[in-house]
1. Treating only the Cβ atoms of Lys and Arg (+1) and Asp and Glu (-1) as charged, compute the dipole magnitude of the chain about its Cα centre; round to the nearest 20 debye.
2. Which distance in nm do the two modelled labels at Ile97 and Glu117 give, with both placed 7 Å along the Cα-to-Cβ direction?
3. Express in whole angstrom the spacing between the alpha-carbon centres of region 17-64 and region 98-137.
4. Applying the Karplus parametrisation 6.51 cos²θ - 1.76 cosθ + 1.60 with θ = phi - 60° to the phi angles of region 123-135, what ³J(HN,Hα) value in whole Hz is obtained for each residue in order, glycine and proline being reported as x?
5. Given a Förster distance of 25 angstrom, what is the FRET efficiency for Lys135 paired with Arg4, based on the Cβ-Cβ distance and rounded to 0.05?
6. If you line up the long axis of helix 26-36 against the longest principal axis of the chain, both from Cα atoms, how many degrees apart are they, to the nearest 10?
7. Listed highest first by mean packing, meaning other Cβ atoms within 10 Å per residue, what order do 21-32, 77-88, 53-64 come in?
8. From the helices alone, meaning DSSP H stretches of at least four residues, give me the mean residue ellipticity at 222 nm for the chain, per-run term -39500 (n - 2.57), in deg cm²/dmol to the nearest 500.
Amino acid sequence: MGIRRRSRELAMQALFYMDMRKNDSQEIVEFFCNNFIHSKNVLPFFLKLVNGVIHTRPETDSIIERFSSNWKMSRMSCVDRNIIRIAVYELLFCSDIPSKVSMNEAIDIGKKFGTEESGAFINGILDSIRIALEKEEINIGVKANKTN
């Protein structure tokens, strides 16, 4: 498994943990790192994703709800919700990662950790967001220039 894949999986697990505890403090991030990050190679990308999702959550959650066809964030499974948050953060703020990579990683992680429907559910939302980004229908504080 690649370093970035492992970082994404750990980021989803950390965000899941924080979501369930309703606590996204730096103390919780540090606790998670000290107890579950066993490879220093995954730490930089893991921290970029976790801290990025935490700091942009109001914007990303609003975008996710806008493109999730009658699904409120609270109705989504905690696994799916946090996988989508990571992928949307990547789509919006990580211009060095191609959209298709972010989406495929999210779908694969959803299939691994979610339900039978997770892959299709995640793909549907992320594809709608990707199309809107390409059409410049999403305005965000930091504009991401993505190439496929």
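1. 180 debye
2. Each label point is offset 7 Å from its Cα along the Cβ direction, giving 2.6 nm.
3. Using only Cα atoms to place each centre, the spacing works out to 20 Å.
4. 3J(HN,Hα) across region 123-135, in whole Hz: 4, x, 5, 5, 5, 4, 5, 4, 4, 5, 5, 5, 7.
5. Numbers: r = 27 Å, r/R0 = 1.10.
After rounding to 0.05, the efficiency reads 0.35.
6. Here the helix axis deviates by roughly 70 degrees.
7. On the way: 21-32: 12.8, 77-88: 24.2, 53-64: 17.8.
In decreasing order of mean packing, 21-32, 77-88, 53-64 become 77-88, 53-64, 21-32.
8. Details: 6 runs with 102 residues, N = 148.
Taken over the chain, the calculation gives -23000 deg cm²/dmol.
Readers should treat all values here as calculations from the given coordinates under stated rules, not as data from a laboratory. Bear in mind that the values here come from a model prediction, so they are computed numbers and not experimental data. With ideal geometry, Cβ positions are generated from the backbone for all residues, glycine too; neighbour counts draw on all protein chains shown.
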